[in-house]
1. Taking C:Y154 as the residue in question, decide whether it is free of Cβ contacts under 8 Å to residues at least 40 places away in the same chain and over 17 Å from C:I70 (Cα atoms).
2. Could you look through the range B:236-260, keep only residues that are surrounded by 24 or more Cβ atoms within 10 Å (Cβ to Cβ) and in a helix (DSSP H, G or I), and pick out the one that is nearest to the other protein chains (Cβ to nearest Cβ)?
3. Could you say which residue among C:F107, C:F170, C:F190, C:F183 is aromatic (F, W, Y), within 14 Å of chain B (Cβ to nearest Cβ) and surrounded by 17 or more Cβ atoms within 10 Å (Cβ to Cβ)?
4. Mind listing whichever residues of the range B:59-117 are of a type in the set (S, T, Y) and out of contact with any Lys or Arg (no Cβ under 7 Å at 6 or more places or on another chain)?
5. Considering only the range B:70-93, I want to know if a residue exists there that is in a loop (DSSP other than H, G, I, E, B), among the charged types (D, E, K, R) and closer than 30 Å to C:V8 by Cα.
6. Criterion first (assigned to a helix (DSSP H, G or I), among the β-branched types (V, I, T) and surrounded by fewer than 20 Cβ atoms within 10 Å (Cβ to Cβ)) does B:I358 satisfy it?
7. Which residues, taken from the range C:47-56, are surrounded by fewer than 23 Cβ atoms within 10 Å (Cβ to Cβ) and either within 26 Å of A:I74 (Cβ to Cβ) or at the interface with chain B (Cβ under 8 Å from one of its Cβ atoms) (or both)?
8. Which of the residues spanning the range C:79-89 are assigned to a helix (DSSP H, G or I) and more than 8 Å from every other protein chain (Cβ to nearest Cβ)?
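The values are calculated or read from the model by the stated rules, or taken from the named source; none is laboratory data. Please read all numbers here as calculations on a predicted model, not as lab measurements. Cβ atoms come from the backbone with ideal geometry, glycine included; neighbour counts cover every protein chain shown.
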Amino acid sequence: MGDSAEEIRHHIKGYFLVYLALMVLTGVTVGVSYFHLAIHWAVLVAFIVAAVKGGLVAAIFMHLNNEKKIIYWILILTAVLAVGFIIPVLMDVEISAYTQRHIPQ
Amino acid sequence: MSSAHGEIHAHGDGHAHEEGFWRKYIFSTDHKVIGIQYGLAAMAFLLLGFGLMLLMRWQIAFPGIQIPLIGKALTQDGVLSPELYNQFGAMHGTIMVFLGVVPMAVGAFGNYMLPLQIGAQDMAFPKLNMASFWVNFVGGLIMLGSFLMPGGAPQSGWTSYPPLANIAPPSQTAWLIGMVFLITSSLLGSVNFIVTAIQLRAPGLSFFRLPFFVWTQLVTAFLLLLAFPPLEAAGVLQLMDRVAGTSFFMPSGLVVSGEILSNAGGGNPLLWQHLFWFLAHPEVYVLILPAMGIVGEIIVTNTRKPMYGYNTAVYAIIFLGFMSFIVWAHHMFMTGMGTAISSFFQATTMIISIPSVIILTIFLLTLWGASIRYTVPMLFALAFLPMFAIGGLTGLPLGLTASDIYLHDTYYVIGHFHYVVSPGTLLALMGGFYHWFPKITGKMFNQTLGKLHFWGTFIGMNGIFGPMLLVGMAGVSRRLYDASIYQAAKSVQPLNVVMTYSSWFLAAAQILFLVNLFISLRKPKTPAAENPWESTTLEWTAPTPPLPHQNFPVPPHVYRGPYEYNTTSREFAPQALQEV
Amino acid sequence: MSVVIPYVSKPHPVTGVTNAKLGIWLFLASEVMLFGALFSSLIVLRVGSTDWPVGSTILNVPLAFVNTIILITSSLTMVMAWASLKLNNLGKYKMYMGLTILLSFAFLVVKYFEYSAKIHHGLSPATSNFLGIYFTMTGLHGLHIIGGIVVNAYLWIPGAKMWHSDPERFTGRVEVAGLYWHFVDLVWIFLFPTLYLL
């Protein structure tokens, strides 16, 4: 890939630092769960922590912080489509008579 | 720019010449062999799906009457039973879409022509290509095998809706497993197509010099890549429902045959519909896009003019591909989604008709003022235009929620989508077959038989699907074993007879095609087959047929756009020709 | 075979990536759609349900916490395996790749204990949709782990011969396998809190 040995060693420092951060964040996410937050706060915190962890894995371990444009475009398209799927589906669940909690017991 | 590792070894390292029968014809990594494998398999499945339809159409037109010749082989009294009718209906759809048209349009035509049209030696991942075919083949075998399972073949439509599909006989599990194989094959193939089209273009072949066919294959590959996984997820969930007793799609308290089901419940049948249609709508664009690509190639070649508005056509295809991901719930207007969601999908569905119209208009404008060569491929390509127009126009009342209330689940829907796929895509594929047959085989086909095949097919298809629209408008529901018992259907029952006769006429026309194929293959090779249409794109400069594993003796360099007909001092300027 | 496909080892001058790199990211995009659809299904079932349990009351959080550590560590060893090759150190590569495979097996073993404990207590996918989606998603994730083990094992021993004939191409292969492996880790990073902690 053209990286010099010096650059690789620099990257390796980064890998171990990120690893440490991931360990800490994993502890955080488990620890927070013991506070039994209200569900919407719990979801928000869990999602943010997971997003940070995931972001670190993607950016540093998967080298996305320094990738080529074509890869970025593919991922952006994918993200748009994934979000584009879930939004209408969730809206439908809210209103649909077939959703379990809308079915008279 | 293939120079870095581009020393093309004209005579391999000994191995290429010594390929045994198995390596050369069965487990080949050559995209051309794989393309032909896909083509032969797809043709067999298309004929099978056609046969299922012929049997169903007998029952529709002559309910309760014994099927001649083979009826007794199917049932005791020779009359198609309701169960068998449902099985044939479900498998006709499944086979035609997933084992017939897509493998033909993408696996056969795409595999064979894409590397050639971009001047590449092969796909980016030849072994993966081979794997894709064999995974597809296994999926096909599983689907075929399902006919022999206890309880009969899958019979929950090609759509496998729960709760019905969840409680269906064992073959539904086979259908789901078969789909997993077919989806996997598709995913592997689409990765191959995208990487090949992006990375392996010949030097000088920028994106906006690509043949329109390559663009349609590239967008199609993205559709397959990103739309299929949710159906794979749904398939896994339904498999778990059927095999492991989960209730992902089963609401609580469901009563089947008078008994409450004992599963945990809490599931949502609409979840399946959302996951299914998220794929199945882009899937129909997978069915049409390669056809548009082929029609584009044939029209330009036979009008001796560049494509009118090539750039616009490319943008239209890209926009069409993207939009196809956000219209899916127009298949679900009748499920109670509410006006907000329905309005959204109605709007996107209306918008998506625009790029299709743009492309049709571009084709028409290309014809305008042209000196048209009425070759056999051109007949098919020309017919595609009004046929696809009818298919598209009949889609509008379905995409508008108000009229869809009446038309949903009637024969109008079947007429609509068959117009697009049958006189649409299939005509285009047939045209493509005649267009590229000379390059693939080095032989010319019989022109008279080709023309007869065209007219018979064109008339037969319209004879089936034209009246079908009327039957639907009369309010006759689809998937009925015997609609004639209903008052609304009685008045249009004669149309069903017309349709059935047309289907036999259509069958007869296909016999002409098979005869033509057989006798033309037995003819000797002729130099007239090198580039009989005087076409400009790269595949025509390859040897006839292109070299195994290599295609071009020397990698071509591209000097101009794809359709330079009568734009330079020459009547046509091939892309790879240096001096003009 | 006389085919010579370009951009197998060297990147394409315009896109800047090798064929395999582009290919794996496309494949991962499809995997995002696959797991995204399953996450969506989970959310749909949960939002629509009347009695969705809190994960920690049914599932074994400490065990899954350990597994999370194991998997993240394997991601580190995987990227270190690739970095070792970039530093021309085949020995270190073998060590790190071996560790990755070992950790992967450890993950599966822990999973096995988790599953068998559930079954032993009469909790199966059919018991409830929560358990259904738990078994299905972790099961599919587990299948992806197995796939990764197969690829990594191949690259560890038989495939490593390529280091001597075409080191650049082999390093590319390890990088691409690493991208897949990190993705599997990524899925778990989201799956773990969703199922176990919420």
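1. yes
2. B:L237
3. So the residue among C:F107, C:F170, C:F190, C:F183 that is aromatic (F, W, Y), within 14 Å of chain B (Cβ to nearest Cβ) and surrounded by 17 or more Cβ atoms within 10 Å (Cβ to Cβ) is C:F183.
4. At the first step, the residues of the range B:59-117 found to be of a type in the set (S, T, Y) are B:75, B:81, B:85, B:94, B:112.
Listed by number, the residues that qualify are B:T75, B:S81, B:Y85, B:T94.
5. Initially, the range B:70-93 is screened for residues in a loop (DSSP other than H, G, I, E, B), giving B:70, B:75-81.
Cutting the leftovers down to among the charged types (D, E, K, R) gives us B:77.
From what's left, closer than 30 Å to C:V8 by Cα: none.
Among the residues of the range B:70-93, not one is in a loop (DSSP other than H, G, I, E, B), among the charged types (D, E, K, R) and closer than 30 Å to C:V8 by Cα, which makes the answer no.
6. yes
7. At the first step, the residues of the range C:47-56 found to be surrounded by fewer than 23 Cβ atoms within 10 Å (Cβ to Cβ) are C:47, C:49-56.
The answer is C:S49, C:T50, C:D51.
8. To start, the set of residues in the range C:79-89 that are assigned to a helix (DSSP H, G or I) comprises C:79-86.
Within the range C:79-89, C:A81, C:W82, C:S84, C:L85 meet the criteria.
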